[in-house]
1. Could you check how many residues of the stretch 137-149 are surrounded by fewer than 22 Cβ atoms within 10 Å (Cβ to Cβ) and in contact with a strand residue (DSSP E or B) (Cβ under 7 Å, 6 or more places away or on another chain)?
2. Among (1) surrounded by fewer than 16 Cβ atoms within 10 Å (Cβ to Cβ); (2) within 13 Å of the ligand (Cβ to nearest atom); (3) of a type in the set (Asp, Glu); (4) more than 22 Å from THR207 (Cα to Cα), where does ASP17 come up short?
3. Does THR167 satisfy the criteria of being under 26 Å from ILE85 (Cβ atoms) and surrounded by fewer than 21 Cβ atoms within 10 Å (Cβ to Cβ)?
4. Answer with yes or no whether ARG36 is among the charged types (D, E, K, R), touching a His at 6+ places or on another chain (Cβ under 8 Å) and over 27 Å from GLN143 (Cβ atoms).
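What follows is calculated from the coordinates using simple rules that are stated; it is not laboratory data. Owing to the predicted nature of the structure, the values given are computational and were not obtained by experimental measurement. Note that we place each Cβ from the backbone using ideal geometry, even for glycine, and neighbour counts take in every protein chain shown.
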Amino acid sequence: MQPIPDKSPEKIRRMFDAIAPWYDFLNHFFSLGIDRRWRRVAVKQLLNKTTREGSILDVCCGTGDLTLAFLKQIKERKDRKLYGIDFSPEMIRIGLRKIKTYQNNGIPVQFAVGNALSLPFETDCFAIVATAFGLRNVGNTEQGLNEMIRVCKPGGTVAILEFSMPTQPVLSTVYRFYFRSVLPRIGQFLARNQDNAYRYLPESVLTFEEPNELVLKLQHLGVTNLQTQPLTFGIATLIYGTKKIE
Ligand SMILES: C[S@@+](CC[C@H](N)C(=O)[O-])C[C@H]1O[C@@H](n2cnc3c(N)ncnc32)[C@H](O)[C@@H]1O
């Protein structure tokens, strides 16, 4: 049995603050760069499917890669503004630096330090509320989802991009071995930190809700038209749906 990792906010925040300088490099290294493609595909889908105009919120934005993917793909302004929220000031600091160096298309971007469990925004204000590889780190999944849905406009899109387990048995075995045995050793060696961040990563992925469980939770919380899109043999999954219009 995989132990359930400690997700106390202070521990998680301190861990991401500590690995922030290595985060982007290790992300792209361990995924062979595929994580960029996942965000790109997700953003394309969300922009295509969302009919509501208005701002976009990236919850647990970290170093801003999902926000950047939106920034690069938004063609029509449709009143778009981009917001990113994360409780790790060090991740945000790197995100701000990246956004500044990107020659943007006039779409305003704002990053702020804040908690996904109590989003500092009014109810019904975003056309798209999305999170990439963030939700499984949030101490209380239901409350995190509730907050994402609360700040989304009725008729807007709520989306989660997260690691998942490939369903193909051989691939699943290889993936588990890589995740449990290879990744923690290399990650911990490179990004040495006392919180064992690269042991936490596989533990958090292997014990997190599966896509169908997240779909049920979203349905229960009033999200309709739910779609799941497995990416790269199901190593990651995009889940998205529409906030019900009352
Ligand atoms: C794995 S990173 C993902 C970063 C980014 N979204 C990406 O696509 O690379 C997870 C992020 O979630 C943030 N996080 C975890 N729990 C949070 C919470 N309760 N409130 C805000 N941010 C949180 C962490 O600080 C970290 O930056």
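1. 1
2. (1)
3. No; evaluated as a whole, the condition is false for this residue.
4. yes
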